[in-house]
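In what follows, a single structure is set out as structure tokens and then discussed.
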Amino acid sequence: MFALSARRAAAPAEVNGQMIEVEAEESILQAALRQGIDFPYSCRVGGCGTCKCRLIEGEVKELTETGYLLTAEEIAGRTILACQAVPRGKIRLQVDLSRPPARQTLHGKVVGQQKLTDDITRLEVQVEQALPYKAGQYAELCLAGLPGIRRNYSFATPSTPDGRLIFFVRKVPGGLFSSRVNDGALLGEEVEVQGPLGDFFLRPSDAPILMVAGGSGLAPLLAILREAEGVERPVTLLFGARQEADLYALEEIHALASRWKAPFLFVPVLSEPPEGALWAGERGMVTEKIVAFHQDGAHAYLCGPPAMVDRAELLLRERGVPRSQIYADRFLAGPPASERPAGAEKTPAMFTDYLKFFLFHFIGLLSVLAILVGGPSVTVGLIGVVLAYVLGDALLGEDLSTPHYRRPEILTAQLWMALPLLTMVVFSALWSVSPGDVLGFGAWLGDLTGHD
Ligand code: FES
């Protein structure tokens, strides 16, 4: 908390001989792009490795753990991720800028809007000219009706010469862009498309392919499959959804499978089929099926929510799949935090959102009380605390909401309040098992409450 709030001074950086200034709270990538360097990048959140560069001189502070993306040799050779590094003083960097810039900005209109499921809409955009891209990549979209709001979506079909682009947009609770696409009437609305972006695409090989998709993560995988029609590589496609109604594009998948020149196994997996549903397919989390369906030597292509992709990657690594044979695209629900205007796309926090942070204090006070009352209340209190957490977790599930807290000082206060409370819990516990009356605390409490 303190490290985040400490402002550092701007620092000079030399990128391939060109001097730039990295402002406080800017990553090296942000500074380079702002100053006109066509620095390679894709995810901007430390997930893809596109912004790798070599630190020739100086030191940087890394904002996230990069060991999972960089090999030991790269780390030893001072490779860093420019999107996840800030300079500590003057630095000198080298980056490969030789790739021809393929990104372009095109304008177009929404020409199609079709519900695929309750919360996924197929958005069809016609741009002024063809936009060449590799199936699996994505573009940044900006609707005329939401100026300044830009969101990334993968192309759901391979590039075509007629400039017709298809995206699958999943509705994010509270998301301005995704709600507008899913609930608004967009036909004819102007769109700006910037792309292609990303390095998620099919790599040439003869190895079997394992694809794992969650929700709208199916889009780039469908595009890849359609573009790869004709290759003779066995494919296993695991598609995770909550319920049967959340499965979509099934006809297209079956048609692709029937035309595929090698074995093609499609496995839909439902995580929450309703009680008694006549679902004969796989149940559970889609990642749980990886071990059963992964073929030795297969290259993995993972696409969906970050938690799903991370879990899939971990399972594959545990099975001995080298990192170089795993390709992943994490679908973040919204823009990177660094680009999010304060409070944008978030619902304001309610009273109960603040209140939940005080659960710890409530339970802590009860614990102190139970310890001080002594006797069986210690056991009853302990069982109560454990039950409260276990049952609360089991019945209420995970709380993944991220509302906008307009009064962050309340959260800071609860954080500080935890310190004296923890001290009280520890002291009460030690006092209750100590011989004698430590610091005369028992006598003082007896005088105060009349309780022995
Ligand atoms: Fe830096 Fe993706 S752009 S890791």
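Every read-out reported here was derived from the displayed coordinates using simple, explicitly stated rules and does not represent laboratory data. The shown structure was predicted, so the numbers you read here are calculated from the model rather than taken from an experiment. Please note: Cβ atoms are built from the backbone with ideal geometry, for glycine as well, and neighbour counts cover all protein chains shown.
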ask   = Going through region 108-158, which GluC sites (Glu not before Pro) have at most 12 other Cβ atoms within 10 Å and a DSSP loop state?
value = Glu128
ask   = For Val235, which sequence-distant residues (separation of 5 or more, or a different chain) have an amide H within less than 5 Å of its own amide H, given hydrogens modelled in the peptide plane?
value = Ile209, Phe264, Leu265
key: Built amide H within the under 5 Å cut-off of Val22, gap 5+   = Ala11, Ala13
request  = Name the helices (complete DSSP H segments) of the chain with a Cα length along the long axis of 15 Å or more and a Kyte-Doolittle mean of at least -1.0, or state none.
outcome  = 306-318, 359-373, 376-396, 408-433
query = Rounded to the nearest 5, what is the percent of antiparallel bridges among the DSSP beta bridges in the chain?
reply = 60
request  = Mind sorting Leu81, Leu187 by how few other Cβ atoms lie within 10 Å of their own Cβ, fewest first?
outcome  = Leu187, Leu81
ask   = Considering only DSSP states other than H, G, I, E and B, which GluC sites (Glu not before Pro) in region 240-314 qualify as loop sites with at most 11 other Cβ atoms within 10 Å?
value = Glu275
remark   = Taking 0.36 nm per residue of separation between Leu187 and Gln94 and subtracting their Cα-Cα distance, the length gained on full extension comes to 28.9 nm
ask   = Over all distinct Cα pairs, what is the inverse of the mean 1/r for the chain, reported as the Kirkwood hydrodynamic radius in Å?
value = 25.6
